[in-house]
Amino acid sequence: MVNEITGWSQMKSLKLSRLLVAGLFFLLVVILFTAHIIAEWFSIISVGQGIIGGRLDIPVTVMIYICDVFAITAVAALNKLLSNISKDEVFIEQNTLCLRIISWCCVMAGLTFTVFSLWRYEFLFAAFFAMFLGLVMRVLKNVFEKAVELKSENDFTI
Amino acid sequence: MAIIVNLDVMMAKRKISSNELAEKVGITAANLSILKTGKAKAVRFSTLDKICEVLECQPGDILEYEHE
């Protein structure tokens, strides 16, 4: 279906989303292999404070590794979700599971940021946003769960 | 579920096949199978009306309530 105002079709939009997800996956893989460089760069420019002092590059490297694993898992779930949508399978159990995985990944990343805010308080902002996104995804998952139930009821109404 | 669908019994009495009934009622054979096997979660009044009309019976002849 083509939007009359933008001329942008649903299929094109889906393709763009999948392209962006693939791009994000590539970026996350790059981050995984350059975590120590990013951590070193961060420890040089960081001027914040935390409860624990000392070297910052090792904790930040560990934090990037942990959060990157959660991010890659969430992106894989996002890819599966988009793949199902492109097959016209929207309100199915698997999509609810994907949203659940994404939600938990956000929450776990938020908790990781909270732990590493012992080194720098600014990580608390990242923790807040990750937790907030996790909550939004959780509500979305609840909506999907109900939609799956309603669709099943509709499908089995003769 | 406590509601039992006795469509098979009524169909046998009227000597009508599944495909014929599905065609006369205006539903797919797959949906009729869902109804017959008791997998259906709801039945529209319009469907029930048509089934009763084709099978010349009452809704009570098709549907039965049983204590679980």
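Other residues with beta-carbon under 9 Å from the beta-carbon of B:I3 carry, at +1 per Lys or Arg and -1 per Asp or Glu, a net charge of -2. Of all complete DSSP H helices in chain A, those with a Cα span along the helix axis of 20 Å or greater and a mean Kyte-Doolittle hydropathy of -1.0 or more are A:10-33, A:57-86, A:93-116, A:123-155.
Rg over Rh for the stretch A:12-157 works out to 1.09, using Cα positions for both radii and the Kirkwood form for Rh. Quick one: of B:K13/B:K39; A:K15/B:K41; A:K87/B:K24; A:K141/B:K50; A:K87/B:K41, which pairs are farther than 28 Å apart, Cα to Cα? Too far apart for the 28 Å limit: A:K15/B:K41; A:K87/B:K24; A:K141/B:K50. With the convex hull of the Cα atoms taken as the outline of the stretch A:109-158, the averaged projected area works out to 3.3 nm². Shown here for the stretch A:44-113: trypsin sites (Lys or Arg not before Pro) in loop regions (DSSP other than H, G, I, E, B) with at most 16 other Cβ atoms within 10 Å, namely A:R55, A:K87. Taking the empirical scaling 2.2 N^0.38 Å for compact globular proteins as reference, chain B has a Cα radius of gyration ratio of 1.02. Other residues lying with their Cβ under 11 Å from the Cβ of A:I38 contribute a combined charge of -3, Lys and Arg counting +1, Asp and Glu -1. Specify which residue in the list B:A40, A:I37, A:V62 is farthest towards the positive end of the charge dipole of the protein assembly as shown, using unit charges on the beta carbon of Lys, Arg (+1) and Asp, Glu (-1), about the Cα centre. Checked the options; the winner is A:I37. When only the Cβ of Lys, Arg, Asp and Glu is charged (+1, +1, -1, -1), the dipole of chain B relative to its Cα centre reaches about 220 debye. Our summary gives chain A a relative contact order of 22 percent, counting only alpha carbon pairs under 8 angstrom and 6 or more residues apart.
Considering only A:V62, A:V136, A:V30, the mean-square fluctuation computed in a Gaussian network model of chain A, springs between alpha carbons under 10 angstrom, is largest for A:V30. Basic side chains Lys and Arg get +1 at the Cβ, acidic Asp and Glu get -1 at the Cβ, and with that the dipole of the protein assembly as shown about its Cα centre reaches some 460 debye.
Throughout, read-outs are computed from the coordinates displayed, never taken from laboratory work. No experiment lies behind these values; they were computed from the predicted model shown. Note: ideal-geometry Cβ built from the backbone for every residue, glycine included; neighbour counts use all protein chains shown.
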